[in-house]
Amino acid sequence: MFTNEDPGQSGLLSDLITHIANDYRRNVDVVAASAAQDFIDFARDYLKQHRPSEVFPVDDNYGILLTNGVRIKLCPTSDTESEVTGGDMANPDTSIPVTRQR
């Protein structure tokens, strides 16, 4: 069951930027939170313009291909994350398209 209190898809899910911004506001003083609003607005507008078009696994993480061709990881690299492998040990391409094919 979803426990997020922010409205979103299905009325319960928020986007990543909104989730992080709301948690940030709950954990810092009001002055610092309002100072970050310009970046939050920029990030939200950027992701509105450059939507996810593909999802793929990346070393205990997920990657996202944006519609502008940029590939990013969903979460930062953790201290325990293994090194990127190459050659015969590389991760297979198991990308999942998230946009409808025309």
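Pairs linking a residue in the range 51-64 that is of a type in the set (S, T, N, Q) to a residue that is part of a strand (DSSP E or B), with Cβ atoms under 6 Å and 6 or more positions apart or on different chains, are Ser53/Leu65; Asn61/Lys73.
Taking the stated definitions as given, is Asp15 surrounded by 11 or more Cβ atoms within 10 Å (Cβ to Cβ), modelled with pLDDT under 85 and under 21 Å from Leu65 (Cα atoms)? Spelling it out, Asp15 is indeed surrounded by 11 or more Cβ atoms within 10 Å (Cβ to Cβ), modelled with pLDDT under 85 and under 21 Å from Leu65 (Cα atoms). Count of the range 22-47 residues, restricted to those that are of a type outside the set (Ser, Thr, Tyr) and under 16 Å from Leu74 (Cα atoms), is 3.
The values are calculated or read from the model by the stated rules, or taken from the named source; none is laboratory data. This one's a predicted model, so the numbers in the text were calculated from it and none came from an experiment. Counting neighbours? That spans all protein chains shown, and the Cβs are built from the backbone with ideal geometry, glycine included.
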